[in-house]
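Enquirer: To start, I am sharing the structure in question, which I have written as structure tokens.
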Amino acid sequence: MEKPIKIFFASSLIILLVGGFIACDKDQPQPGGETDNLVFDLLKSSKDTLQNGEQALIQAIASGTDLVYFWGASSGDILGSGSSVYYVPSPCVSGEVSVNCKIEDAFSNSDQKTIKLYVE
């Protein structure tokens, strides 16, 4: 009776060890590592002043893991998605306009920046 118990425990140990190695996924970034640092370096526009009917390329320069970009403007439209979008002013609107970008990464870190443009 003692031999089947030893075989059972030995095979159980082997299954646990093999299962543990298979379950480890070392390709996924882990929180607390070097890859979880969101760095939002710069938000820039191709133009500081726009005439009605013009558009400006807005770029968010950032690094991190699986970045997601959220864009907004105090007036006008944001066209596109990702790290580069176009801002188009609303017709009949002039003056200062704010364009903002919020970035989130795979670890729920976030940062945001705002730039001011002037529409003539």
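The values are calculated or read from the model by the stated rules, or taken from the named source; none is laboratory data. These numbers come from a predicted model, not from an experiment. Cβ: placed from backbone, ideal geometry, glycine included. Neighbour counts: every protein chain shown.
Enquirer: For the range 99-120, give me the residue count where each residue is loosely packed, with under 13 Cβ neighbours inside 10 Å and either assigned to a loop (DSSP other than H, G, I, E, B) or small (Gly, Ala, Ser) (or both). Even if it seems obvious, please write down each step before you answer.
Expert: Step one: list which residues in the range 99-120 are loosely packed, with under 13 Cβ neighbours inside 10 Å, which gives 108, 116, 120.
Still in the list and also either assigned to a loop (DSSP other than H, G, I, E, B) or small (Gly, Ala, Ser) (or both): 108, 120.
Residues in the range 99-120 being loosely packed, with under 13 Cβ neighbours inside 10 Å and either assigned to a loop (DSSP other than H, G, I, E, B) or small (Gly, Ala, Ser) (or both): 2 in total.
Enquirer: Quick one: count up the residues across the range 75-120 that are in contact (Cβ under 8 Å) with a residue 12 or more places away in the chain and over 12 Å from the mean Cα position of the chain (by Cα).
Expert: As a first pass, look at the range 75-120 and keep what is in contact (Cβ under 8 Å) with a residue 12 or more places away in the chain: 75-79, 81-107, 109-120.
Keeping just the survivors that are over 12 Å from the mean Cα position of the chain (by Cα) gives 75-79, 84-100, 113-120.
The total comes to 30.
Enquirer: Checking Gly72 against (1) in contact (Cβ under 8 Å) with a residue 60 or more places away in the chain; (2) within 17 Å of Leu42 (Cα to Cα), which single condition isn't satisfied?
Expert: Of (1) in contact (Cβ under 8 Å) with a residue 60 or more places away in the chain; (2) within 17 Å of Leu42 (Cα to Cα), only one is false for Gly72: (1).
Enquirer: Based on what the data block shows, is Ser90 part of a loop (DSSP other than H, G, I, E, B), at pLDDT below 95 and within 26 Å of Asn52 (Cβ to Cβ)?
Expert: Working: part of a loop (DSSP other than H, G, I, E, B): yes; at pLDDT below 95: yes; within 26 Å of Asn52 (Cβ to Cβ): yes.
Yes: the conditions hold for Ser90.
Enquirer: Shifting gears a bit: Identify all residues within the range 88-111 that are farther than 18 Å from Phe40 by Cβ and in contact with a strand residue (DSSP E or B) (Cβ under 9 Å, 6 or more places away or on another chain); write none if there are none. If you could, list the steps in order and put the result at the bottom.
Expert: Let us first name the residues in the range 88-111 that are farther than 18 Å from Phe40 by Cβ, namely 88-97.
Across the range 88-111, the qualifying residues are Val88, Pro89, Ser90, Val93, Ser94, Gly95, Glu96, Val97.
Enquirer: Consider the range 29-79. How many of its residues are more than 23 Å from Asn109 (Cα to Cα), hydroxyl-bearing (Ser, Thr, Tyr) and either part of a loop (DSSP other than H, G, I, E, B) or at pLDDT below 95 (or both)? Can you show your working first?
Expert: We begin by selecting, within the range 29-79, every residue more than 23 Å from Asn109 (Cα to Cα); these are 45-57, 74-79.
If we keep only those that are hydroxyl-bearing (Ser, Thr, Tyr) as well, we get 45-46, 49, 74-75.
From what's left, either part of a loop (DSSP other than H, G, I, E, B) or at pLDDT below 95 (or both): 46, 74-75.
Total meeting the criteria: 3.
Enquirer: So, one more: Do we find that Gly82 is touching a Phe, Trp or Tyr at 6+ places or on another chain (Cβ under 8 Å) and assigned to a loop (DSSP other than H, G, I, E, B) in this structure? Full working, then the answer.
Expert: Details: touching a Phe, Trp or Tyr at 6+ places or on another chain (Cβ under 8 Å): yes; assigned to a loop (DSSP other than H, G, I, E, B): yes.
Answer is yes for this residue.
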